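First comes the structure, then the notes that go with it.
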Amino acid sequence: MTDLSLFSKPGRFWRGNIHTHSTLSDGILSPDEVVDAYKNAGYDFMVLSDHFADRYDWPVADTRAMRTNSFTTLIGAELHAPNNSVGELWHILGVGLPLDFEKCGANESGPQIARRAAEAGAFVGIAHPSWSRLTIEDGHSIDVAHAVEIYNHGCAVHDDRGEGWYLLDQMLNSGKRLTAFATDDAHFHDHDSDAFGGWVQVKCDRLDPDSLLEALKSGDYYSSQGPQINSISMSVDELRIECSPVDTIVVAGGTSRSAVQTGRSISRASIDLTQLERGFTIPDPSPWLRVTLIDANGKRAWTNPVWRDEL
């Protein structure tokens, strides 16, 4: 068995939300109020990612003064440019942007502003693909992306379009080695109905912006709505996991096959990965796998994709 490096490396997990809005763009609460809301909800860090657009005077929120010894912030924004394949604006998350990130040029495209954000040192995420109606071609056009937003709580609550695995799974099958993050995308329009519903658990040794940013870029995190993952190890035909109590554990890859274990309050499990090779037709084994945990309340946690050749 090989331990997944995320769970064996030194450090601890820090809970954070990396997609949130304030009155600097279309949110209801001031930047201070948003940061306080996440502090009071038990988060360790957050990103105030207001809409980087002309109508809001190109905001990149300076939240440095809101950092404490027990809570920190990263600088970021939600970047926009025309147009994706259905004629909508691009929505691209940039985490770790400089405060003086230059506003969009008149003819700058979504892939171009994403590239400029990556060159400036940012973690680049493709935001809410289902809500934005993104195609696989759209996904591939952002050639500097680190990750896809696989759960957006605001889009789930208000539009029933919070899921993004459909896009990431296709990109993984084409060889793109991206990771998967969950967020709130909270605006606080209806109190906190779109807040505290999805987050990342980032593994690093210090609660500081540089360490968190490097861990995000390296994929040293998993995403959750509640369940906690304590350890995962794998061999060719077995996956072992320890976690907070859940009722379902699913291992999926690049085919329609899955390996599943169900029960009441499972906190330790051994999953038979040969289940992935059973069915009416047997495709080639998937070079990558991902794990989903579902608790008794339907809350999920998701690992990043695991590439077999990296074990």
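Could you grab me the full set of residues in segment 31-74 that are touching a helix residue (DSSP H, G or I) at 6+ places or on another chain (Cβ under 7 Å) and of a type in the set (Phe, Trp, Tyr)? Within segment 31-74, 45, 71 meet the criteria. When 29, 4, 24, 79 are checked against the criterion of being at pLDDT below 95 and buried (at least 18 other Cβ atoms within 10 Å of the Cβ), a single residue qualifies: 4. Taking the stated definitions as given, is residue 205 surrounded by fewer than 20 Cβ atoms within 10 Å (Cβ to Cβ), at pLDDT 95 or above, on the phi < 0 side of the Ramachandran plot and in contact with a helix residue (DSSP H, G or I) (Cβ under 8 Å, 6 or more places away or on another chain)? So residue 205 passes the test. For residue 197, state whether it is in the same structural domain as residue 160 (by TED's automatic domain parsing) and either within 28 Å of residue 159 (Cβ to Cβ) or modelled with pLDDT of 95 or more (or both). Spelling it out, residue 197 is indeed in the same structural domain as residue 160 (by TED's automatic domain parsing) and either within 28 Å of residue 159 (Cβ to Cβ) or modelled with pLDDT of 95 or more (or both). Only one of the numbered conditions (1) in contact with a Pro (Cβ under 6 Å, 6 or more places away or on another chain); (2) β-branched (Val, Ile, Thr); (3) touching a residue at least 40 places away in the same chain (Cβ under 8 Å) is not met by residue 249, and that is (1). Of all residues in segment 39-61, those that are closer than 11 Å to residue 78 by Cβ have Cβ atoms under 8 Å from Cβ atoms of residues that are surrounded by fewer than 20 Cβ atoms within 10 Å (Cβ to Cβ) and of a type in the set (Ser, Thr, Tyr), 6 or more apart or on another chain, in 50/56. Among the residues that make up segment 148-170, is at least one of them of a type in the set (Gly, Ala, Ser), in contact with a helix residue (DSSP H, G or I) (Cβ under 8 Å, 6 or more places away or on another chain) and farther than 29 Å from residue 285 by Cβ? Scanning segment 148-170, I find at least one residue that is of a type in the set (Gly, Ala, Ser), in contact with a helix residue (DSSP H, G or I) (Cβ under 8 Å, 6 or more places away or on another chain) and farther than 29 Å from residue 285 by Cβ, so the answer is yes.
The values are calculated or read from the model by the stated rules, or taken from the named source; none is laboratory data. Bear in mind the structure is a predicted one, so any value in this text is a computation, not a measurement. Neighbour counts run over all protein chains shown; Cβ positions are idealised from the backbone, glycine included.
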